[in-house]
Structure formats: C-alpha cells, structure tokens
Number of protein chains: 2
Amino acid sequence: VGPEVLSLWKSKSTFTSFGVFFLQMGWGDLGAFGEPSKETPNLDQMASEGMLFLDFYTANPLCSPSRAALLTGRLPVRNGFYTTNAHARNAYTPQDIVGGIPDSELLLPELLKKAGYVNKIIGKWHLGHRPQFHPLKHGFDEWFGSPNCHFGPFDNRALPNIPVYRDWEMIGRYYEDFKIDLKTGEANLTQIYLQEALDFISKQQASQQPFFLYWAIDATHAPVYASKQFLGTSQRGLYGDAVREIDDSIGKILKHLQKLGISENTFVFFTSDNGAALISAPKQGGSNGRFLCGKQTTFEGGMREPAIAWWPGHIPAGGVSHQLGNVMDLFTTSLSLAGLEPPSDRQIDGIDLLPAILQGKLIDRPIFYYRGNEMMAVRVGLYKAHYWTWSNSWEEYGKGIDFCPGQNVSGVTTHTQEEHTTLPLLFHLGRDPGEKYPLSFASDEYQRAMERISVTVQQHKATMVPGQPQLNVCDKAVMNWSPPGCEKLGKCLKPPKSDPKKCFWPH
Amino acid sequence: VGPEVLSLWKSKSTFTSFGVFFLQMGWGDLGAFGEPSKETPNLDQMASEGMLFLDFYTANPLCSPSRAALLTGRLPVRNGFYTTNAHARNAYTPQDIVGGIPDSELLLPELLKKAGYVNKIIGKWHLGHRPQFHPLKHGFDEWFGSPNCHFGPFDNRALPNIPVYRDWEMIGRYYEDFKIDLKTGEANLTQIYLQEALDFISKQQASQQPFFLYWAIDATHAPVYASKQFLGTSQRGLYGDAVREIDDSIGKILKHLQKLGISENTFVFFTSDNGAALISAPKQGGSNGRFLCGKQTTFEGGMREPAIAWWPGHIPAGGVSHQLGNVMDLFTTSLSLAGLEPPSDRQIDGIDLLPAILQGKLIDRPIFYYRGNEMMAVRVGLYKAHYWTWSNSWEEYGKGIDFCPGQNVSGVTTHTQEEHTTLPLLFHLGRDPGEKYPLSFASDEYQRAMERISVTVQQHKATMVPGQPQLNVCDKAVMNWSPPGCEKLGKCLKPPKSDPKKCFWPH
C-alpha cells in the first residue's frame, strides 16, 4: 500500500530493478493515461523515456495480498494472503491480524540476497506486523516505514498508533512523532521517504553494491496527505496534491540515478497495488479512467494498473506494450535480470517480462481476478469472463459504501454475489474496456472465446493448491502495542488479553 | 460531422491554419487522452510535436450547430442553428430541413477570401443542402464531399441517397457511386478524402497561394466504415478501424506539409464537433474517457473534445494547455493569423487563442453549454453549474436509447428535464471531472463559486440576441432529389409535393 520501488543494481553488471508501487493510484491518475489535469510530468516523462504497459494488472483488488504477490511471485491464494471466513472476501492486514507472510514463502529479497544484493524497503510493509513477519526476517536488509496503513490518530487504548520502524526497531508512531494533520492534510512523510531513497541509492552507488529498493509510500491512501509545498497546488484537490508530490519525488529519484551515472544499470518499474479507491472520491479518491468500479472489485477499475518500465539505454524510449502483465511478473523479471532462476519447488505465477520489454514480444498468458479464494474472473487475450460478479452487499451499499459511484451496469455491478460459472459473462475489452456490454451467449464469438477460456480455467483450477489462509484470525492482543524499541522511547503500551476471533470481512 | 481540417497558409508569411474536426471522436478516443488500446500514433505524435488542449469544448453536443459555430465564430443560438419547436432540443440538418446557414452570417472562408486565401472543404458540410446554402456561396472555392451525413442506403423514393459534390455539382450518390458496404463496414471514402487533401495542398504549394483547408470527413459517424486495408486491424472493432484510418490519414497530411516544406507556415488544429455517440457503442461508438455521458448531452462527455494545435517552429513541442477553448475560437484565431479583424457589427463568441498557444497565457472566459436556445450549463474556471439537466426522455430511454450507458448519477443524469435555475447543480471539474459529486448548496465553496458564475450568466443572458431559428421547419420536398448536376448523370429524382411541417426533435 503506497508507491513502491523495486530496485536491483549490480555493479559492473548490466542491470538493476527498481519498481514503484503506488497504493491506490488508479490507471487514470496519470497524465499519460488520460487524467484531464495532466499533473504528472515526471511519470509522463518516465513513460516517454521508457515503456508504457496498457494491460498490466495487480494480483488482487486490495493492498496486502497484492504486495505479498509481488514479493513472492505467487497468487495470494497460494501464498496464504486470503481469507476463507466468508465467500469471495477481500482481506488485508489490519492491526489485529494474527497472520502474515509465512516462513515457507520465498521472497524476492531473500533470493536476491544470495546474489549479493542489498535490499531496502521504504514505506508500508503490510505483510504482517508480528515479530516473525518483520521484513528483515524475510530478506530485507533495511527498512524505513510502517507495518500497517497510516490510519489514525488512535488513543493508544482501544487501538495503538501505527509504529514507524528504522530497521529492527520502532523509532516513533504516526500522529505522535510523525505528524499527519488530518484537518489540513499536511504531512511531510513523502519528503522523508524520498530522502531515504536518495540516501540509500547514494550509499549503494558509493559502495558499488547492487541493490533492490522497494519504495512503498502511501500518501495516496486515505487519509491522504501532502507536504506543505504541495498542498493546494493541484486542480484535483488533496488527492492531486499527493499525486503531484509522489510524481515530483519519482522525478527526483530518476534524476538522482542519472546524476550518479547508474541509470543504465538500474531497471525501474512503476505500478500500483490496486485500483483507485472510489469510496474516497472525490476528495481523497483517484481515477481508474474509463474502467468500471475501483478498489475492492474484480472489474477492470479494481485491478488494471498504470505501469511503466524505465531503463535508459536498454528499453527503447516511447515504447508501448499490450503484454498482459501482472505485479507477480516483477518477481520473475527481477530474478531474470539478476541471473537467478525462480524457485522450482513451487508454482510461480509471475512470468519473465524481459522478452516483452526488450524485444517487443507478446507472451500469451491469462490474468486471474480473485476475491479471497474465489476466482471471480479471468482474462485471456482481449476477452474477460466473469464467473462471479459482486461489487458489495446491499447492506453496505445502503450505508453509502459504493465501489462504483455513478456507474451501474445491470446484471454486472451486482449487490448480491451472482454466480455465472455455467455461463460466464463475457466482455471484449478492446471494444468495451468499460465492461458495459456482455456478449450474447448465443453468438459464435461467445462460443469460440469461451472454449479457449474454459481450458485455461480448468488447467488453473486443476493444479491449484491453496496455501494456509493467513487472514482468518484477528486478535486485539497482537496489535502494535509494544513493538521492538518501544522501551527506549517509553512508548510501550499494555496489550489486552488475547481473544482470537474470526476476522470480519464485509466485502 | 466528420473530421475537419482548417488550413490557412500564406506564402512568404508566417502562418497557416489547418484544423481537423472529427465527428464523434470523443475525448477518450486518442492514445494521448488515455484510450487503452493506444492506436493513434499519428495524433499522439502530433500532440507531442504541438500543444494538447485538455479543456477544449465544442459549441453544441450535435454536429450541424457545432459546424456552424466553428465557421461563424458564434454560438448556434446566435447564428440560427437551433430549434424552438420544443424546449431544450438538439437539432441538425437532416435531408428534409428547410433552413441552413443564413446569408447574414459571415463565414471564415468569406473573410479569408478577402485576404487572398483559397478555401476548400473536404467532407461533410452540414449547414443546409438547398441551393442558397451551398458552401461555394459562403466563401469556399472548392468542395469535395456531401451536404448531409452518409445515412442510407435509401430507395430514392421515400428518401433520396445523399449526393456527393465536386464544387458546384453532384458527381454521384453514396451507396450508388460511392460504395459503403454496411455488412462488412468497407468503404474507401477516407482514402478519397485523404487524396483530395494531399492534391489540394500540393496545388496550393505549387501556386504559392495561401489556403484554408477544412477537412471534415465522417468515417467515425454511424454507419461507421473503413477501407479494406484497415478493416479488422483495431482492438476496438470497426469504430477503431475507422479511427486508425483517420489517424493514418492525418499523419500523411502532416508529413505531406513537411515534405513540401510548408509545415512551418501551416497552422493545424485537430478537434471534434461533439462527444462520442454512446448510443452506437460498443460496435460503432467511441469513448469520452471518464467524462459523463456523450453526444446529445451537455455533460462533459457530450461537449469536451480532444484538441491539438500543431505548427512546427512556432508552437513549443509537447505543450499542454488548460486554456478553456471552444471550436468558435478557431474562427477568431484563424483571422488573427491572417492579420484580419473579426467582424465588429455582431457578437463573436470565439476568442483569439494565440496568446494561449504561443505564450502559454490563460485567458479567463466562460464556456456555455446549450441545447436549442436553452443554456443548460456554464463553466467558469474549474466550476461547472448546471441550470438544467436532461439526458433524454423516459419514453426514448424505454426504447433503449441511452446517452449514458452504464452511468447513472442520481439527480444529474435525469430522464425528465429538471430545472435548477434558482439553485444550480455545481461541480468542481478538477476534483470531479466525471460530474458525480454536486457540491453542497450550503457550502462556502458553493456560495463563492456561484456568485462569480451568476454574474457571468446574467451578462450573457442580458446581451443575448437569438438569431432566427433555422431548424424548425422540415419538408420532404426539399430533400436531395435533384441536386445541380443530376441531369448529366441521369440521377434527377422527382420531389414530392411541398408539405412543410414542424420538425420533430425528440431530445
């Protein structure tokens, strides 16, 4: 949750990988993707110097599972980042979650470490906040950021404020030591995270060590914030201010790489972990362009993401790719750049994108859209078949929670879970990227497309071995009461008695 | 209706104007504006070499009035291109329309002629097809194209097929001499119109005469067509094939100007006469990006248009402008480029865009959104106030005619004409380009914005002198039965007895 940068750099070698993940930055938030205010000059320039992916997806319409998928190269249903508490539910890692990234999963930084990389995460981890899930126990060498979203402020009684870590220890808490002013929207966190990135890159360049930098800041996640210098500068309000600051920061990071002379050794990828959260619109919500609905849904607005690959001297400038891509591909692609093989003892869902990026090839592969352990939809070529449709429940909708504001496609944006497994709803995303016009079941086109899709789905389901679900159990006792380092700061809080329960996932 | 190019070129002078008007090409149809298939490399390149306008509007959500506005620099309610047969109705020039462009109106080519320009229209005229409305009687020196849309085929009994003119005379009819295959979607008309443009430019360059070329082709208007070489080449279906062919043609025209060495003397503008027609979607309909609704409506999807200015050596490459622009500005801007003053004996609504284009200035001016003689909405700065809302009637909607498919904003996309004149619905188009979140009437922001808007509207209404409505009377006797030149071709048809009636305008 938050922009994240993967950065791999190998001295005297030919590459680096360095990917940005923006939490909730939607497909339509970039000027290059048609945002009418066109306020992302640095990202637009990154695209014009690199390659724009138009058909790139995240692995889940929610942040934690997408982040777990990016770092493991595996679908959340395999790596355990899902729930079985109810049918087809989105789940993440709130403060009371008991689970987190299993030790059995192999994370990208763990693998890169063996090839001599120094790995740093800046920003939101979101793969579990209990000690065994700490990023430095899963391959990262350095961490500056928080384990959870910057929700708050809390009273440190019912809920503790979210800690900010430097490496192994907490160095303060949001709203206490790291200010976020919810009234004005002011917080200088993005500037801090930017400086962390610049310093890390300088250090690595000086020591000639290859690096992987995962820049996972979360200024565009509600509650949205920006630094004083960016407040009020966007046509789009506070959300736009945050986007502008992130855009500016990315421009500075890329320029820093160029100034240090390592841009041609640094592979940089920018993308997002889920579609824009339309429930936060218009004040704190982004744009998914013309795609249907947003975060939390398996419509295009929930899972199609802006994506840019940048690697001067290697990727032809101004390239455009229709390769169906997925955040999980960054795992496999990064390993490929590092000269490593992906693990062979488990199913890896990511593919190596280098043939698409460097040679313009198109690799035929499906995209799966999950909620929990239910495959809601699949894309094969330009066709997308919905096996289940659901936006959210009538009950939630009645409370004003709307994942598709202003949009209503009869029989598609349903408020009850609708099963279409015997006769999936089929859309042609070229003619109908907004998923408004299901193909006629009786048409030849439907028959032909579904024949191919059915085979893909059968193969997928036949070989699917779900991991142990990590997001089923919640317990207030596990919250961030006393993170390591709290003693030095006098910030340890007393946890309540353990009372594990099934987590409640409403959508 | 159809793409149109304004081209002014003056030998040994510094300029030319040359604008493309795409009928029903929506804001979201260009790669540069975020169309997910990104299939307009030539228009995208035109934008990267020129200036992209993000806040550019047409004068009406329908073709004829927009075209009349472009050529007169005046709102349709002033130049007569509207109806008073019913409240707030869109009207155009079907075959049985009695009216057309009044002699009292001064058209851009009439004015340019006095400065030595040779003026040509290629494509659809749409300002009336009776003899007194012929384009060569209104300033054009040459014409190749048709007076009406390429609807058909007709049986030449109830309705005649639409004639195609070369200059003064008909040289054939659509579906007869100029084939359009509705089954396959094949027609080579765009190629013919392209060749006409290339030939005209070559001739003008050879004779060193300044020119104004108005390229108004209509391949993206239903029934959509494309040449054989483009059929099936787009991800988007037949509509996308047509877009690709137009994009390719524009690329060829721009390259032709460069090859002839006159690109630095040629000011070229690309825009559209109304938003994409969503009733034709998905097979024949374009995209208005994330804007609300489409053609026929005064929401952003009906009137915000893609727009690009191109003038190598003068306009800085890669420029982006938030100037509120309007097709009527092309009238005033072209006159300015030609060293001419706009007429002083009448109200001109267009402004000179050169300060915005050449010096990056932002000129404060409102945008008015009309249906018939009703001002439905106004934009001032980033605020848009709706004084009336209407998509279309329940009766039409019940028949499946939907100008906002998949979109439904409660109280905004209304199926009855809703008056809001005492308390207009107000939107902030920066935070909410999709017009989904009306501002609270009680908010300070609403009060402040409406104070300014009210003054603008009062001034506008106080000085408004509507022209004689031209689109009220229809008569089957005036259809294209016997256009000049029909005798030579043996294609004269016998008109029925005159029976003038009020035209029926359903929306």
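The values are calculated or read from the model by the stated rules, or taken from the named source; none is laboratory data. Because the structure is predicted, anything quoted here is derived from the model rather than measured. As a convention, Cβ positions derive from the backbone with ideal geometry for all residues, glycine included, and neighbour counts pool all protein chains shown.
Take the conditions within 14 Å of chain A (Cβ to nearest Cβ), assigned to a helix (DSSP H, G or I) and without any contact (Cβ under 8 Å) to a residue 60 or more places away in the chain and apply them to B:Glu451. Does it pass? No; evaluated as a whole, the condition is false for this residue.
Within the range A:413-436, is there a residue that is assigned to a helix (DSSP H, G or I), in contact with a strand residue (DSSP E or B) (Cβ under 9 Å, 6 or more places away or on another chain) and surrounded by fewer than 17 Cβ atoms within 10 Å (Cβ to Cβ)? Looking through the range A:413-436, none of the residues is assigned to a helix (DSSP H, G or I), in contact with a strand residue (DSSP E or B) (Cβ under 9 Å, 6 or more places away or on another chain) and surrounded by fewer than 17 Cβ atoms within 10 Å (Cβ to Cβ).
For (1) within 19 Å of B:Ile121 (Cα to Cα); (2) modelled with pLDDT of 95 or more; (3) buried (at least 24 other Cβ atoms within 10 Å of the Cβ); (4) more than 12 Å from every other protein chain (Cβ to nearest Cβ), each residue gets a yes or a no:
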{"site": "B:Leu8", "(1), (2), (3), (4)": "yes, no, yes, yes"}
{"site": "B:Ser13", "(1), (2), (3), (4)": "no, no, no, yes"}
{"site": "B:Thr40", "(1), (2), (3), (4)": "no, yes, yes, no"}
{"site": "B:Gln45", "(1), (2), (3), (4)": "no, yes, no, no"}
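Please enumerate the residues belonging to the range A:155-210 that are closer than 22 Å to A:Pro495 by Cβ and aliphatic (A, V, I, L, M). Matches in the range A:155-210: A:Ala158, A:Leu159, A:Ile162, A:Val164, A:Met170, A:Ile171.
Looking across the range A:322-347 at every residue that is surrounded by 22 or more Cβ atoms within 10 Å (Cβ to Cβ) and not in a helix (DSSP H, G or I), the one that is farthest from the other protein chains (Cβ to nearest Cβ) is identified as A:Ala338. As for the range B:308-320, it holds no residue that is in contact with a Pro (Cβ under 8 Å, 6 or more places away or on another chain) and farther than 15 Å from B:Arg78 by Cβ. Considering (1) at pLDDT 95 or above; (2) in contact with a Leu (Cβ under 9 Å, 6 or more places away or on another chain); (3) in a helix (DSSP H, G or I), the lone condition that A:Ala242 does not fulfil carries the number (2).
The number of residues in the range A:291-312 that are of a type in the set (Asp, Glu), assigned to a strand (DSSP E or B) and at the interface with chain B (Cβ under 10 Å from one of its Cβ atoms) comes to 0.
Is it the case that the range B:247-254 has a residue that's more than 25 Å from B:Tyr92 (Cβ to Cβ), modelled with pLDDT of 95 or more and either of a type in the set (S, T, N, Q) or outside the structural domain of B:Thr72 (by the TED database) (or both)? No, because not a single residue in the range B:247-254 is more than 25 Å from B:Tyr92 (Cβ to Cβ), modelled with pLDDT of 95 or more and either of a type in the set (S, T, N, Q) or outside the structural domain of B:Thr72 (by the TED database) (or both). Residue-level analysis places A:Ala222 outside the set of residues that are within 13 Å of chain B (Cβ to nearest Cβ), surrounded by fewer than 21 Cβ atoms within 10 Å (Cβ to Cβ) and assigned to a loop (DSSP other than H, G, I, E, B). For B:Thr190, state whether it is at pLDDT 95 or above, part of a loop (DSSP other than H, G, I, E, B) and farther than 25 Å from B:Cys486 by Cβ. Considered against the rule, which asks whether it is at pLDDT 95 or above, part of a loop (DSSP other than H, G, I, E, B) and farther than 25 Å from B:Cys486 by Cβ, B:Thr190 comes out as no.
Is at least one residue of the range B:428-440 within 14 Å of chain A (Cβ to nearest Cβ) and of a type in the set (A, V, I, L, M, F, W, C)? The answer is yes, given that some residue of the range B:428-440 is within 14 Å of chain A (Cβ to nearest Cβ) and of a type in the set (A, V, I, L, M, F, W, C). Among the criteria (1) over 12 Å from B:Asn480 (Cα atoms); (2) touching a helix residue (DSSP H, G or I) at 6+ places or on another chain (Cβ under 9 Å), the one B:Pro131 does not fulfil is (1).
Count, please, the residues in the range B:154-193 that happen to be among the acidic types (Asp, Glu) and under 23 Å from the mean Cα position of the chain (by Cα). Residues that pass the stated criteria total 1. Taken together, A:Leu260, A:Leu292, A:Leu278 contain a single residue that is within 30 Å of A:Val118 (Cβ to Cβ), among the aliphatic types (A, V, I, L, M) and either touching a residue at least 24 places away in the same chain (Cβ under 8 Å) or touching a Cys at 6+ places or on another chain (Cβ under 7 Å) (or both), which is A:Leu260.
So that you can scan it fast, the table gives a plain yes or no per residue for (1) crowded, with 24+ Cβ neighbours inside 10 Å; (2) of a type in the set (Ser, Thr, Tyr); (3) in a helix (DSSP H, G or I):
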residue: A:Gln195; (1), (2), (3): no, no, yes
residue: A:Ser202; (1), (2), (3): no, yes, yes
residue: A:Asp218; (1), (2), (3): yes, no, no
residue: A:Gly232; (1), (2), (3): no, no, no
residue: A:Lys252; (1), (2), (3): no, no, yes
residue: A:Lys255; (1), (2), (3): no, no, yes
residue: A:Ile279; (1), (2), (3): no, no, yes
residue: A:Gln284; (1), (2), (3): no, no, no
residue: A:Gly289; (1), (2), (3): yes, no, no
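From the list B:Ser227, B:Ser207, the lone residue that is within 17 Å of B:Gly251 (Cα to Cα) and not aromatic (Phe, Trp, Tyr) is B:Ser227.
For the range A:50-80, the tally of residues that are farther than 19 Å from A:Gly275 by Cα and either within 13 Å of chain B (Cβ to nearest Cβ) or modelled with pLDDT under 95 (or both) stands at 1. Count of the range A:478-507 residues, restricted to those that are part of a helix (DSSP H, G or I) and touching a residue at least 60 places away in the same chain (Cβ under 8 Å), is 4.
How about the range A:233-248: which of its residues are more than 8 Å from chain B (Cβ to nearest Cβ), over 20 Å from the mean Cα position of the chain (by Cα) and within 20 Å of B:Leu54 (Cα to Cα)? Result: A:Thr233, A:Asp241. Checking the range A:363-383 against the condition returns no match, with no residue being away from every other protein chain (no Cβ under 14 Å), over 21 Å from A:Ser66 (Cβ atoms) and surrounded by 22 or more Cβ atoms within 10 Å (Cβ to Cβ). Name the single residue, out of those in the range B:392-425 being charged (D, E, K, R) and under 24 Å from B:Gln447 (Cα atoms), that is farthest from the other protein chains (Cβ to nearest Cβ). Among residues in the range B:392-425 that are charged (D, E, K, R) and under 24 Å from B:Gln447 (Cα atoms), the one farthest from the other protein chains (Cβ to nearest Cβ) is B:Glu419. What are the residues in the range B:163-213 that are of a type in the set (Val, Ile, Thr) and more than 25 Å from B:Leu111 (Cα to Cα), if any? Result: B:Val164, B:Ile171, B:Ile180, B:Thr184, B:Thr190, B:Ile192. Just to be sure, is B:Lys38 within 27 Å of B:Ala317 (Cα to Cα) and among the basic types (Lys, Arg)? So B:Lys38 fits the description; yes. Condition check for B:Val98 on (1) of a type in the set (A, V, I, L, M); (2) more than 19 Å from the chain's Cα centre (by Cα); (3) within 25 Å of B:Trp311 (Cβ to Cβ): one failure, at (3).
Restricting the range A:396-407 to residues that are outside any loop (DSSP other than H, G, I, E, B) and in contact (Cβ under 8 Å) with a residue 24 or more places away in the chain, the residue that is farthest from B:Pro438 (Cα to Cα) is A:Glu396.
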